[in-house]
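Visitor: Can you read through this structure? Questions will come right after.
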Amino acid sequence: MIDKVFNKTISKQFEFDEEVASVFDDMLDRSVPFYKQMQKLSISFANNFLEDGSNVYDLGCSTASTLIELSKSSKYNLNLVGIDNSNAMLERASKKAKAFGVEIKLLNADIFDVDLKDAKVVFSNYTLQFIRPLNREKLVKKIYDSLEDGGVFIFSEKLVSKNSFLNKQFIDEYYSFKKTQGYSEFEISQKREALENVLIPYTEDENKKMIEDAGFKHCETVFKWVNFALFIAIK
Ligand SMILES: Nc1ncnc2c1ncn2[C@@H]1O[C@H](C[S@+](CC[C@H]([NH3+])C(=O)[O-])CC(=O)[O-])[C@@H](O)[C@H]1O
Ligand SMILES: O=C(O)C(=O)Cc1ccccc1
């Protein structure tokens, strides 16, 4: 279904409710530059660290696209676990996984409350940005502690620049992108308002520092388009 969520006047903050879930795949595809390419990269990097029986977690799995694509592309027999606290998203994830014949354990829970046992790969694409700072740092530490030695944390984030002049240009570029994707000025500004104080982006450096402070040995930006980036961190 086509995303028209912000085509009408909205007065509440952004939520992952039934309405958003019903158009979510289209929303992400049209709102995140190079979303599909970054997802493909996440998966091919993950595959290099996996073997039969590996545990893979996706924090904020939404409709489970990443785990489904991983399962389709991987030659390994994996234990896939998707975690999300939106029931509407998980209902769609469950239907999609069934349709693709992919076995995924879907947990309706807060990321903080789940034991990420013996993780080989943890994905979290565009989800940390919704976790309050301080809690975000605690979560990354928890991810680090849950990973096996040599395991990886693969995550994507919307970014800000500390340079206000460049940051304004980041925003302008992103809005031009959204216009090319068929969103109107009204939809763009409504969504911007709804995301205020809900989506809190860090700079690329802040993300890397958070990763380093948690103990990771190495962190690389493997893809970046203006204010969107994919990172891989190795324990
Ligand atoms: N504390 C939390 N606990 C559990 N889930 C949460 C929490 N906070 C937010 N979520 C969930 O994180 C997801 C973020 S979307 C991820 C896209 C996906 N990774 C993708 O690549 O397709 C990104 C976006 O829409 O910007 C939503 O499904 C929330 O319900
Ligand atoms: O649509 C927007 O304006 C956003 O910034 C939303 C967004 C950002 C990053 C990932 C997913 C959605």
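Visitor: In the list VAL140, VAL81, which residue meets the criterion of being on the phi < 0 side of the Ramachandran plot, open to solvent by less than 30 Å² (accessible area, probe 1.4 Å), in contact (Cβ under 8 Å) with a residue 24 or more places away in the chain and part of a helix (DSSP H, G or I)?
Guide: Numbers: VAL81 fails: part of a helix (DSSP H, G or I).
Residue meeting the stated conditions: VAL140.
Visitor: Just the residues that are hydrophobic (A, V, I, L, M, F, W, C), in a loop (DSSP other than H, G, I, E, B) and more than 8 Å from ligand 1 (Cβ to nearest atom), please, taken from the stretch 1-42. Full working, then the answer.
Guide: Our first condition is that a residue be hydrophobic (A, V, I, L, M, F, W, C); within the stretch 1-42, this holds for 1-2, 5-6, 10, 14, 16, 20-21, 23-24, 27-28, 32, 34, 38, 41.
Adding the requirement that they be in a loop (DSSP other than H, G, I, E, B) leaves 1-2, 10, 14, 16, 23, 32, 34.
Hits for the stretch 1-42 are MET1, ILE2, ILE10, PHE14, VAL23, PHE34.
Visitor: I need every pair where a residue in the stretch 170-182 that is open to solvent by less than 50 Å² (accessible area, probe 1.4 Å) has its Cβ under 9 Å from the Cβ of a residue that is among the charged types (D, E, K, R) and not in a helix (DSSP H, G or I), sequence separation at least 6 or different chains.
Guide: Note: pairs meeting the criteria are TYR174/LYS158.
Visitor: Same structure, new question: Looking at LYS117, LYS96, LYS75, which one is closer than 21 Å to MET27 by Cβ, among the basic types (Lys, Arg) and either away from ligand 2 (no atom under 16 Å from the Cβ) or without any contact (Cβ under 8 Å) to a residue 40 or more places away in the chain (or both)? Full working, then the answer.
Guide: Details: LYS117 fails: closer than 21 Å to MET27 by Cβ; LYS75 fails: closer than 21 Å to MET27 by Cβ.
That would be LYS96, the only listed residue that is closer than 21 Å to MET27 by Cβ, among the basic types (Lys, Arg) and either away from ligand 2 (no atom under 16 Å from the Cβ) or without any contact (Cβ under 8 Å) to a residue 40 or more places away in the chain (or both).
Visitor: I've got another one for you. Suppose the filter is within 22 Å of THR63 (Cα to Cα), touching a helix residue (DSSP H, G or I) at 6+ places or on another chain (Cβ under 7 Å), hydroxyl-bearing (Ser, Thr, Tyr) and open to solvent by less than 50 Å² (accessible area, probe 1.4 Å); does SER161 pass it? Steps first, please.
Guide: Values: within 22 Å of THR63 (Cα to Cα): no; touching a helix residue (DSSP H, G or I) at 6+ places or on another chain (Cβ under 7 Å): yes; hydroxyl-bearing (Ser, Thr, Tyr): yes; open to solvent by less than 50 Å² (accessible area, probe 1.4 Å): yes.
In short, no.
Visitor: Being more than 26 Å from PHE24 (Cβ to Cβ), without any contact (Cβ under 8 Å) to a residue 60 or more places away in the chain and within 16 Å of ligand 1 (Cβ to nearest atom) narrows it down to one residue among LEU106, LEU166, LEU134; which is it?
Guide: Working: LEU106 fails: more than 26 Å from PHE24 (Cβ to Cβ); LEU166 fails: within 16 Å of ligand 1 (Cβ to nearest atom).
Result: LEU134 is the single residue among LEU106, LEU166, LEU134 that is more than 26 Å from PHE24 (Cβ to Cβ), without any contact (Cβ under 8 Å) to a residue 60 or more places away in the chain and within 16 Å of ligand 1 (Cβ to nearest atom).
Visitor: Of all residues in the stretch 23-57, how many are among the polar types (S, T, N, Q) and more than 16 Å from ligand 2 (Cβ to nearest atom)?
Guide: Pass one, the stretch 23-57, residues among the polar types (S, T, N, Q): 31, 37, 39, 42, 44, 47-48, 54-55.
Subset that is more than 16 Å from ligand 2 (Cβ to nearest atom): 44, 47-48, 54-55.
Adding up the residues that qualify gives 5.
Visitor: Next up: In the list ALA194, ALA97, which residue meets the criterion of being closer than 25 Å to ALA64 by Cβ, modelled with pLDDT under 95 and crowded, with 17+ Cβ neighbours inside 10 Å? Reasoning before the result, please.
Guide: Working: ALA97 fails: modelled with pLDDT under 95.
Among ALA194, ALA97, only ALA194 is closer than 25 Å to ALA64 by Cβ, modelled with pLDDT under 95 and crowded, with 17+ Cβ neighbours inside 10 Å.
Visitor: Note down all Cβ pairs under 7 Å where the first residue falls in the stretch 195-222 and is touching a residue at least 24 places away in the same chain (Cβ under 8 Å), the second is more than 16 Å from ligand 1 (Cβ to nearest atom) and assigned to a strand (DSSP E or B), and they're at least six residues apart or on different chains.
Guide: Between residues of the stretch 195-222 that are touching a residue at least 24 places away in the same chain (Cβ under 8 Å) and residues that are more than 16 Å from ligand 1 (Cβ to nearest atom) and assigned to a strand (DSSP E or B), the close pairs are GLU204/THR221; ILE211/CYS219; ILE211/ALA233; PHE216/ALA233; PHE216/ILE234.
Visitor: Here is a further query. Which one of GLU69, GLU148, GLU103 is farther than 20 Å from ASP213 by Cα and surrounded by fewer than 17 Cβ atoms within 10 Å (Cβ to Cβ)? Spell out the reasoning first.
Guide: Values: GLU69 fails: surrounded by fewer than 17 Cβ atoms within 10 Å (Cβ to Cβ); GLU148 fails: farther than 20 Å from ASP213 by Cα.
Step by step, each of GLU69, GLU148, GLU103 is checked, and only GLU103 is farther than 20 Å from ASP213 by Cα and surrounded by fewer than 17 Cβ atoms within 10 Å (Cβ to Cβ).
Visitor: Hey, among the residues in the stretch 43-52 that are assigned to a helix (DSSP H, G or I) and open to solvent by 20 Å² or more (accessible area, probe 1.4 Å), which one's nearest to LEU78 (Cα to Cα)? Talk me through it step by step, then tell me what you get.
Guide: Of the stretch 43-52, the ones assigned to a helix (DSSP H, G or I) are 43-47.
Subset that is open to solvent by 20 Å² or more (accessible area, probe 1.4 Å): 44-45, 47.
On the way: SER44: 14, PHE45: 15, ASN47: 10 Å.
Checked the stretch 43-52; the qualifying residue nearest to LEU78 (Cα to Cα) is ASN47.
The values are calculated or read from the model by the stated rules, or taken from the named source; none is laboratory data. Every value quoted in this text rests on a predicted model; they were computed, and no experiment measured them. All Cβ positions, even for glycine, are placed from backbone atoms using ideal geometry, and neighbour counts span all protein chains on display. Just so you know, the surface numbers come from the protein's heavy atoms only, side chains and all, with ligands and any DNA or RNA stripped out. Shrake-Rupley method; radii C 1.70, N 1.55, O 1.52, S 1.80 Å.
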